[in-house]
């Protein structure tokens, strides 16, 4: 629809790769605020970037025909409806056609024939030939690589950040947020433009397409003209097996290490290709909660190096500062462990990424509109953390 002219800047070493510069406390404190919060899409759609974007490199972008927003293309605002997998694919294709910053890759298909998608977002020109970047990033996975060479590679190479949405198909706000995050990055909105000077962002907008459509089709069949916040209404009584699982009723967020499912095998092949420095897995949890981001709760696997906890704290503190500034509610370290190796945070962490889970309040009985009110799949069932927390703002 229109070309995009971008002022060029050389890649710079992202500070989150400079591990020798980090001097953080080994303890991470938590802050727990116990009533739900209405934050709209922004809490789900990339507060990760608030943690990454501590440097602002000038970036200038212009386009004759700006890419359409999800609302403009789909015909409803964020949270107004559930988007089917076909709708997600259609919008992703439209965004890629309208922006030279966006490429759409189909990396496989589900057992029911639905597409597995990646939106790759980067500076104009970078996406025309990103293989040299990927080849250099793969060098960083070689344990024989010297520290000097590793730092040289990092200085000359854009890092990859991978965001996974909707691996549980009935945690429904996640994939909606993915579309808006992709649009924000494609248009450089909300101060995100400078991120692409140092990053390539990979978005998996719907990691469990079969479960997603199972849930969306069921919900459309039982809801009325308006969402009903009454907890006993039909739209909150999702029947078994629900949308959490894939076609074979397997929980894909338990399969990262085993790769027993075709979706997981296709995803891991792409993960190996892109070698992301950061992976965030977006979920929903109970509707009476608020928002969770890392650090994780105990237990934490002893296999992780010390840097895993250090980076969890670094990202967590940066997110907490932004939540505090916006007066949004959140908690850390009370729930969602980092022990079982098959999660979307633990497995990436085992293979060298900074793996994290983010959880938005949702669930079966929320009264926060279509997305939070409609999910009947239940939250994550991972271990709760231990006592002894201190206020997050205590340094």
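Just so it is clear, none of the values below were taken in a lab; they were calculated from the coordinates. Small disclaimer: the values here were computed from a predicted structure and weren't measured. As a convention, Cβ positions derive from the backbone with ideal geometry for all residues, glycine included, and neighbour counts pool all protein chains shown.
Computed quantities for the displayed model
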read-out: Size descriptor, Kirkwood hydrodynamic radius, that averages inverse alpha-carbon separations across the range 105-196, Å; value: 15.8 Å
read-out: Computed Rg/Rh of the range 280-327, alpha carbon atoms with Kirkwood Rh; value: 1.02
read-out: Calculated FRET efficiency for the pair residue 304/residue 76, C-beta based, R₀ 45 Å, to 0.05; value: 0.60
read-out: Convex hull per residue volume in Å³, alpha carbons only, for the range 193-276; value: 142 Å³
read-out: Shape call, the range 90-157: gyration tensor on alpha carbons, a/c limit 1.5; value: oblate
read-out: Label-reachable residues, the range 165-191, where backbone N falls under 19 Å from a point 7 Å from residue 273's Cα toward its Cβ; value: 165
read-out: Alpha-carbon centroids, the range 159-225 and the range 300-352: separation in whole Å; value: 20 Å
read-out: Extension gain (nm, one decimal) between residue 190 and residue 321, 0.36 nm per residue minus Cα-Cα; value: 45.5 nm
read-out: Ranked 356, 237, 285, criterion: other C-beta atoms within 10 Å, fewest first; value: 237, 285, 356
read-out: Shape call, the range 259-349: gyration tensor on alpha carbons, a/c limit 1.5; value: prolate
read-out: Virtual paramagnetic centre 7 Å along Cα→Cβ of residue 134, amide N under 15 Å, in the range 193-210; value: 200-204
